[in-house]
Amino acid sequence: MSMENELNTQPIIDMAINVGKKVFIPRVSKKDLLWFDYSKNRLSKSNFGILEPNQEVNFAHNLNEIDLMIVPGVAFTPDNYRVGYGAGFFDRVLSEYSKDTISLVLPPQLIDNFSRKQWDMPVKNMLT
């Protein structure tokens with residue numbers, strides 16, 4: 001689910017569901033992201049102001065069930081590295097996830113470079 005300053009992902013979610021795709025969205029749980037079936041009726045605003053699933057933990061899906069991940073970020077470099085929101089949730093996921101990843105980048109989010117840390121992980125594709 002997109003945040004207010006990001007490209008709106010709701011039309012992408014709606015289209016994917018309309019063509020029969022499963023859509024999973026994450027929820028923060030301690031230091032991890034858990035992945036749940038998207039359901040408009042099962043969303044609550046998190047402390048970060050983002051809509052997250054409010055389902056029980058035992059309904060979470062495994063990361064390997066996801067074929068394509070849309071990865072958020074604050075800023076992006078030409079070589080597909082991203083500046084996140086500071087907690088490292090997606091960097092940890094990207095270090096374990098080997099399938100396709102994409103970030104939807106608005107022109108003001110493009111930067112030349114930033115001081116990368118060893119745990120910073122790039123996405124495979126960016127769409128600007």
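Some notes on this structure:
- Protection proxy ranking, highest mean first, for peptides 107-113, 63-69: 63-69, 107-113, where packing is the per-residue count of other beta-carbon atoms within 10 Å, averaged.
- Using the average count of surrounding beta-carbon atoms within 10 Å as a protection proxy, the listed peptides 85-98, 38-51 rank, highest first, as 85-98, 38-51.
- The chain - accessible surface per residue (Å², probe 1.4 Å): 65
- Using a Förster distance of 41 Å, the FRET efficiency for F48-D79 (Cβ separation, nearest 0.05): 0.95
- Segment 41-89 shape via C-alpha gyration tensor axes, a/c threshold 1.5: oblate
- Sequence-distant contacts, meaning Cα pairs under 8 Å at least 6 residues apart, place the relative contact order of the chain at 21 percent.
- Sites N64 and A87, calculated FRET efficiency, Cβ-Cβ separation with R0 25 Å, nearest 0.05: 0.65
- Split the accessible area of the chain by element, probe 1.4 Å, and carbon with sulfur accounts for 52%.
- Computed magnitude of the charge dipole of the chain (debye, nearest 20; Cβ of K, R +1, Cβ of D, E -1): 200
- Paramagnetic label reach from K21 (point 7 Å along Cα→Cβ; backbone nitrogen cut-off under 16 Å): within segment 84-128, residues 99-105, 124-128.
- Ratio Rg/Rh [Cα only; Rh per Kirkwood] for the chain: 0.94
- Its DSSP H runs of at least 4 residues, each contributing -39,500 (n - 2.57), put the calculated 222 nm mean residue ellipticity of the chain at -3500 deg cm²/dmol, to the nearest 500.
- Once all protein chains are placed together, F114 keeps about 50 Å² accessible to a 1.4 angstrom probe.
The values are calculated or read from the model by the stated rules, or taken from the named source; none is laboratory data. Nothing here was measured: the structure is a model prediction, and the numbers come from that model. We place every Cβ from the backbone using ideal geometry, glycine too, and count neighbours over all the protein chains shown. Each accessible area value is taken on the protein alone, full model and side chains, heavy atoms only, with ligands, DNA and RNA left out. Shrake-Rupley method; radii C 1.70, N 1.55, O 1.52, S 1.80 Å.
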